[in-house]
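Novice: Sharing a structure, written as structure tokens. Questions coming.
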Amino acid sequence: MDKRLEFSRFAHSFSKDGIRAYFNSLRLKPVFVPNEIDEFLLPYIDALNKQKSLNQIEIDVPIAEIKNTVDQLIKNKIVISDPLFDEAVITHFKGTLGKPYIKTAFLLLTNRCNFNCSYCFVEKDIIANKQTLINMSIETALKTLDFFTEMIRRDQDQFEEEKSIILYGGEPLLNKETAIFIIEEVQRRKEKGTLPAKLNINLITNGSLVTPALVALFKKHGVKMSLSVDGNEESTNACRCFTNGKPVYQEISRAAALCRDADLPFGLSVTLSEESLDNEEATMNVVNELGAVSLGLNPLLNADLPIELKPDYGVRTADFLIRAYKKFRAEGISEDRMMRKALAFAHSSIYPFDCEAAGGNQIVVSPEGEVGLCHGFIGDKKYFVTTVDNLEFKPEEDPVYLEWAKRSPISIDGCQDCPALGICGGGCALVGYRNEGSIWNVDSNFCLHAQKTLEWMVWDLYDTMTEEIGKIFDG
Ligand SMILES: C[S@@+](CC[C@H](N)C(=O)[O-])C[C@H]1O[C@@H](n2cnc3c(N)ncnc32)[C@H](O)[C@@H]1O
Ligand code: SF4
Ligand code: SF4
């Protein structure tokens, strides 16, 4: 077999300050090469391939250093000797996709809301599709839990792995009775062992209907509450308001105070509007101001909505997310979106999906009990495939679930040459669908975020390594 050395088709590099960082986008282990060595890599590899004497290449750095670098590039699959290797690796990763198994249930307890946020992709879709405004009944909630219990029971090997139920809407606390019923029924099922111990209940709420009694109940049952806010008072009130137009920030602040008073740790769901980016410092400070323990930063999904984003929104958001990650990492506060990519990079493991819908690991249940994959389609019910009555439903045999379970950059043709291929997760399929008509399209703003994040992580690793080496030499 031909054993010529060549760069892998998944090899990429970034250059900065006299250093080139090489990496394989599916292996994610960078090799840092100073320019004075980098310039001799290709002549050296060429000499090896032609079996020329190595002293026939004129170099002014020790040949052992170049050899060592090429060995590192080979070890980390940046340079390969078998032309079939790349194909074997991508085929292997494609083979791991397409196996739906339910881990997350988004329950829309209502499609009603007492807010009218200008960017809301859920409410706008419900209104545009003239959906009847209703709450999920206790009967439907019970059937929903039966359905979820049955879906996860089927695979006993994965049963005890972490799962999530997300109480969502509309504003979920407009249907307090069903929320309480679900929280208590989940507890009963956990005690009986029909639902796994590691099942989290997350409530995402606009905060306006949080009461001391609810906070006490959430604390008793370990419900993880996330309050939605866009930054400080000015930024939040810019896009979020009551249906009568009144400002909302004071309500969010009141809900946060109730949680602090009751010692209930809570998170924030921070949606990044133009105003949040304009007031960057204040947006980041809202975590301390409200006393939250974690946050998720949501870039605005401009999924066919009546909102105008400036042309530089994608770049500004990508840079904001990196600065926010650095700040929160230093303060020991976890930010979900960046953390997931950072962990995948640190463990050199592929990150195939950026949400549970792509991956086929999620059910979304409408207030009427219809079951779909993505809550962004709650208005037109696209990709809603069955109902909670159908306990025979098999995601692993359903064509829609099977398609979504493969919706990863690993199997998107346009992603194959991207440096962020292994770390990206593919962003939001809903945006691809709304803007380009297919879940297989990617969101260019998301690509900016994934690619900039990767480059930042590579140089962050380099800085950490040089700092560690410096410490060793400093004794
Ligand atoms: C749809 S709301 C439902 C739960 C509850 N009503 C609330 O506001 O927290 C859930 C989250 O989605 C966010 N969101 C709404 N529209 C969005 C959009 N177009 N892009 C990104 N996030 C959005 C909201 O800010 C909120 O944090
Ligand atoms: S409170 Fe939540 S559901 Fe209601 S309009 Fe705002 S983002 Fe949408
Ligand atoms: S979605 Fe964009 S950033 Fe992610 S791999 Fe594909 S092209 Fe790259």
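Novice: Residues of region 299-323 being farther than 21 Å from Cys239 by Cα and in contact with an Asp or Glu (Cβ under 8 Å, 6 or more places away or on another chain), which ones?
Specialist: Once the filter is applied, which keeps residues that are farther than 21 Å from Cys239 by Cα and in contact with an Asp or Glu (Cβ under 8 Å, 6 or more places away or on another chain), region 299-323 yields only Arg323.
Novice: Still on this structure, please answer the following. Working carefully through the options Thr271, Thr317, find the one that is at pLDDT 95 or above, within 16 Å of ligand 3 (Cβ to nearest atom) and closer than 20 Å to Ala450 by Cα.
Specialist: It is Thr317.
Novice: Considering every residue within region 268-290, establish whether at least one is assigned by TED's automatic domain parsing to the domain that holds Met339, touching a residue at least 60 places away in the same chain (Cβ under 8 Å) and in a helix (DSSP H, G or I).
Specialist: Yes, some residue in region 268-290 is assigned by TED's automatic domain parsing to the domain that holds Met339, touching a residue at least 60 places away in the same chain (Cβ under 8 Å) and in a helix (DSSP H, G or I).
Novice: Condition test on Asn441, is it at pLDDT below 90 and within 16 Å of ligand 3 (Cβ to nearest atom)?
Specialist: no
Novice: If a residue counts only when it is buried (at least 17 other Cβ atoms within 10 Å of the Cβ) and touching a residue at least 40 places away in the same chain (Cβ under 8 Å), which strands (runs of 3 or more DSSP E) contained entirely in region 308-417 have at least 3 such residues?
Specialist: Values: elements: 362-365, 370-372, 384-387.
The qualifying strands (runs of 3 or more DSSP E) are 362-365.
Novice: Which condition number in (1) surrounded by fewer than 24 Cβ atoms within 10 Å (Cβ to Cβ); (2) within 16 Å of ligand 2 (Cβ to nearest atom); (3) of a type outside the set (Ser, Thr, Tyr) is the one that Leu430 fails?
Specialist: (1)
Novice: Please state which one of Ile78, Ile90, Ile63 is crowded, with 19+ Cβ neighbours inside 10 Å, among the aliphatic types (A, V, I, L, M) and over 30 Å from Ile166 (Cα atoms).
Specialist: That would be Ile78, the only listed residue that is crowded, with 19+ Cβ neighbours inside 10 Å, among the aliphatic types (A, V, I, L, M) and over 30 Å from Ile166 (Cα atoms).
The values are calculated or read from the model by the stated rules, or taken from the named source; none is laboratory data. Worth saying up front: this structure is predicted, and the values here are computed from it rather than measured. Counting neighbours? That spans all protein chains shown, and the Cβs are built from the backbone with ideal geometry, glycine included.
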